[in-house]
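All remarks here apply to the structure that follows.
The values are calculated or read from the model by the stated rules, or taken from the named source; none is laboratory data. This one's a predicted model, so the numbers in the text were calculated from it and none came from an experiment. Ideal geometry is used to build each Cβ from the backbone, glycine not excepted, and the neighbour counts take in all protein chains shown. The accessibility values were calculated without ligands, DNA or RNA, using every heavy atom of the protein model including side chains. Shrake-Rupley method; radii C 1.70, N 1.55, O 1.52, S 1.80 Å.
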Amino acid sequence: MRLAVIFGVALAAAAETPALMPWPASAKFDAGEIEMNVGFSVSVAGAGANDARVKAAVERVYTRLARQTGLPILPPRAGTQPPPALRVIVEEADHRPPQQLGDDERYSLDVSEAGIRLSADRPLGVVRGLETFLQLVRQNPASSPSKAPGFSVPYTEIRDEPRFPWRGLSLDVSRHFIPAEEIERTLDGMAAVKLNVLHWHLSDDQGFRVESKKYPRLQQYGSDGLYYTQTEIRDVVAYARDRGIRVVPEFDVPGHASSWLAGYPSLGTGAGPFHIVHERGDANGVIDPMKESTYRFLDGLFGEMAKLFPDAYFHIGGDEVNPRDWSNQPGVQAFLKKHHLESAPRLQTYFNQRLQKILARHGKRMMGWDEILQSDLPKDVVIQSWRGQTALADVARKGYSGILSTGYYLDLMQPASAHYRTEPLAEAAGRLSPEETKRILGGEAAMWEELATAENLDAKLWPRLAAIAERFWSPASVNDIGSMYARLEPVNQWLEWLGLKQRSNLQLMRQRLVSGMPVAPLNAFASILEPVKGYERHRSGWGVTTPFNRLVDAIPPESDAAREFSDRVAQYLTAPSVPAEEGLRKSLAGWVEVVGAARPVLESNSLLLEDLPLADALATLCRRGGEALSYRTEAPPAGWKAQALADIKDASVHRAHLLIAIAPAVQKLAEAVPQ
């Protein structure tokens, strides 16, 4: 019997529903499946069959299937033509270099007794559809006696296309350099969840990360020796193109430019000396918009960079510029008067207008953050909003295209649910016309790297980035938090088969922390901890020499164990039952045992000593939680509730930049105790 999977309605059969993410625009599943075996092969036909992206994607299918299944699946030998298990049809060729905003990404995927058929009008649709096919491959459950041990693909009928054409990740590599091979691994993950833009933040106060042959002092004095060669840039751009991802560079000007001025101080405002920012409190550099030499320099540099990055869009940053850096400069009043500018803040408008013309001469459309949106800015400039949906709606109303990043800042350590609830069109309904709404192109997650390094980058990105990708790709009606989390865990495992290291690297970091002692007690203790949220940790300072080797650096942003406990508490408070209560008591008692086992590990290692107060706080939370369960049915001692809530509040305070993630749920248990 055919099961039409309508999101939020037919997911009752969750065990049989594939963990697809992003969820397709339309998906139906039948009883039945096609077995996967070592004879698997792919055929490609159609006018676009020879597209390089299609060929590369098909080659990757063999490698990834072998990794997912453990089966020795290999491409057919030359001269052999086995019956294909997967037939791919690419209706049209696409000879336009490079990829462009709005390219056709639609595809259809059908799995039935007739076989597996993936069809798309254009090559990018095939690239997207193959990722969905790989997510469909699953191990046969042992509970089904009719299925042989092994792997299969369920009967499926999928019709899919993205909701937004711009679905990206803004990745900062200036504050902490990320080697090219790590960027390529990130691109693998992005392609797997159908993201299509890498916004590469390549310069900031902490480093200029691209080799310039025209202005070599940029990397010589502004990178600490950590930068991408032009060959590496071309390789990454080609790697991204094979996976259907556009690469948009960002060179942040006129602010955040200390790394520029280290090698070319004449660009800057003031006399200097200038140097890259290594530690908090170092002066930030600002480019002088009043010098004609500034625009000659930018014309030369951006002309060189335009040849490295073939995408039509070029991001100039433009954020967090303080006009006071220009206000006291000699000649500023005369310059303002000459160019009919009312005040120093208007200098950035003048700068942006000049820059837009430079980029246009090099065939680029300018992008920038909210701050560049001022009067007289050409309408073809794209605005990236960190100020929110209301600001983005204002962008569209004024005739500009825009993308949203507010709500998708991965460096803030918010849970996947917080990002998932953020809707790019939240302010559009009833406020924008259909034409204005079309100007909202989509969004980008943002990963700023003050506190991230190559070692734990994957854990900062995944799997939360997969949930954000679904928000950009799937219909707006796909918004059930419970379903998202149910699919996120298997998708996280699937991403690890790609070679991502969001869990394995953290495990190695914790292994390093215990210094030869058993790591299991620390793992159990860490499983209900989360990093402090927002920019609280930033306030204590960070810099190039800051070590990121503490427990807070070795855990994911979100605790699955704490979220599961919180869900059970919510269910218990809504519908109390003896089994539910016993389950909560068992969890609380288990964490008390965890505290006992972890304490010797924490006491024996210098980098873990700061976490001992967390162990004490966790023990207090578990004790108060157990008491709250008891006092649901018997009267508590006088003053118990007030004291318990005070103890819970104290235990909820972050220590060593860590939070005990079960604390809010324990507080709810205590609050539910009758007075």
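For this structure, a couple of remarks:
- Qualifying residue in region 138-159 (condition: open to solvent by less than 40 Å² (accessible area, probe 1.4 Å), closer than 16 Å to R60 by Cβ and assigned to a loop (DSSP other than H, G, I, E, B)): no
- A search for C-beta distances below 9 Å between a residue of region 149-174 that is free of Cβ contacts under 8 Å to residues at least 12 places away in the same chain and any residue that is of a type in the set (A, V, I, L, M) and in a loop (DSSP other than H, G, I, E, B), counting only pairs 6+ apart in sequence or on different chains, returns P149/A142.
- Helices (runs of 4 or more DSSP H) enclosed by region 371-487 - at least 3 residues per element that are charged (D, E, K, R): 434-438, 464-473
- Per-region count, region 27-49, residues assigned to a strand (DSSP E or B), surrounded by fewer than 18 Cβ atoms within 10 Å (Cβ to Cβ) and hydrophobic (A, V, I, L, M, F, W, C): 2
- Test set (1) open to solvent by less than 40 Å² (accessible area, probe 1.4 Å); (2) of a type in the set (A, V, I, L, M); (3) assigned to a loop (DSSP other than H, G, I, E, B) - A635 fails condition number: (1)
- Pairs with Cβ under 6 Å, 6+ apart, first in region 103-131 and part of a loop (DSSP other than H, G, I, E, B), second open to solvent by less than 20 Å² (accessible area, probe 1.4 Å) and at pLDDT 95 or above: D103/L124; E105/L124; E105/G125; E105/R128; R106/G125
- For region 295-314, the criterion of a residue being of a type in the set (D, E, K, R) and at pLDDT below 95 is satisfied by no position.
- Filtered residues of region 488-504 (kept if in a helix (DSSP H, G or I) and open to solvent by 30 Å² or more (accessible area, probe 1.4 Å)): E489, P490, Q493, E496, W497, S504
- Of all residues in region 277-287, those that are in a loop (DSSP other than H, G, I, E, B), buried (at least 19 other Cβ atoms within 10 Å of the Cβ) and touching a strand residue (DSSP E or B) at 6+ places or on another chain (Cβ under 6 Å) total 1.
- The set of residues in region 246-274 that are surrounded by fewer than 24 Cβ atoms within 10 Å (Cβ to Cβ), farther than 19 Å from L359 by Cα, in contact (Cβ under 8 Å) with a residue 40 or more places away in the chain and touching a Leu at 6+ places or on another chain (Cβ under 8 Å) comprises G263, Y264.
- When region 187-239 is filtered for residues that are hydroxyl-bearing (S, T, Y), surrounded by fewer than 24 Cβ atoms within 10 Å (Cβ to Cβ) and within 22 Å of the chain's Cα centre (by Cα), only Y239 remains.
- The residues of region 538-555 that are more than 20 Å from L602 (Cβ to Cβ) and either surrounded by 14 or more Cβ atoms within 10 Å (Cβ to Cβ) or among the β-branched types (V, I, T) (or both), listed by number, are H538, W542, G543, V544, T545, T546.
- Residues that are open to solvent by 50 Å² or more (accessible area, probe 1.4 Å) and in contact with a Lys or Arg (Cβ under 7 Å, 6 or more places away or on another chain) do not occur anywhere in region 98-114.
- Residue tally, condition surrounded by fewer than 19 Cβ atoms within 10 Å (Cβ to Cβ) and closer than 20 Å to E33 by Cα, over region 65-84: 5
- Region 322-338 - residue that is open to solvent by 60 Å² or more (accessible area, probe 1.4 Å) and not in a helix (DSSP H, G or I) and, of those, modelled with the highest pLDDT: P330
Okay, residues lined up against (1) small (G, A, S); (2) touching a residue at least 24 places away in the same chain (Cβ under 8 Å); (3) open to solvent by 70 Å² or more (accessible area, probe 1.4 Å):
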position	(1), (2), (3)
P576	no, yes, yes
E581	no, yes, no
G590	yes, no, no
V595	no, yes, no
S604	yes, yes, yes
D611	no, yes, no
K641	no, yes, no
A661	yes, yes, no
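- Residue match in region 345-355 (condition: in contact (Cβ under 8 Å) with a residue 12 or more places away in the chain, assigned to a loop (DSSP other than H, G, I, E, B) and closer than 30 Å to S293 by Cα): yes
- Filter pass, A56 being at negative phi, crowded, with 18+ Cβ neighbours inside 10 Å, touching an Asp or Glu at 6+ places or on another chain (Cβ under 8 Å) and modelled with pLDDT of 95 or more: no
- Checked against (1) within 27 Å of P24 (Cβ to Cβ); (2) assigned to a loop (DSSP other than H, G, I, E, B); (3) over 22 Å from the mean Cα position of the chain (by Cα), T545 passes all but condition (1).
- Selection count where residues are open to solvent by 10 Å² or more (accessible area, probe 1.4 Å) and not hydrophobic (A, V, I, L, M, F, W, C), scope region 312-321: 3
Residue by residue, here is whether (1) closer than 23 Å to L457 by Cβ; (2) touching a helix residue (DSSP H, G or I) at 6+ places or on another chain (Cβ under 7 Å); (3) charged (D, E, K, R); (4) open to solvent by 40 Å² or more (accessible area, probe 1.4 Å) holds:
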residue: R361; (1), (2), (3), (4): no, no, yes, yes
residue: R387; (1), (2), (3), (4): no, yes, yes, yes
residue: A391; (1), (2), (3), (4): no, yes, no, no
residue: V395; (1), (2), (3), (4): no, no, no, no
residue: K398; (1), (2), (3), (4): no, no, yes, yes
residue: Y420; (1), (2), (3), (4): yes, yes, no, no
residue: A428; (1), (2), (3), (4): no, yes, no, no
residue: G443; (1), (2), (3), (4): yes, yes, no, no
residue: A446; (1), (2), (3), (4): yes, yes, no, no
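- Just one residue in the set V321, V332 is closer than 23 Å to S401 by Cα and of a type in the set (V, I, T); that residue is V321.
- Selection from region 556-574 of residues that are part of a loop (DSSP other than H, G, I, E, B), open to solvent by 30 Å² or more (accessible area, probe 1.4 Å) and small (G, A, S): none
- E627 vs. criteria touching a residue at least 12 places away in the same chain (Cβ under 8 Å) and acidic (D, E): yes
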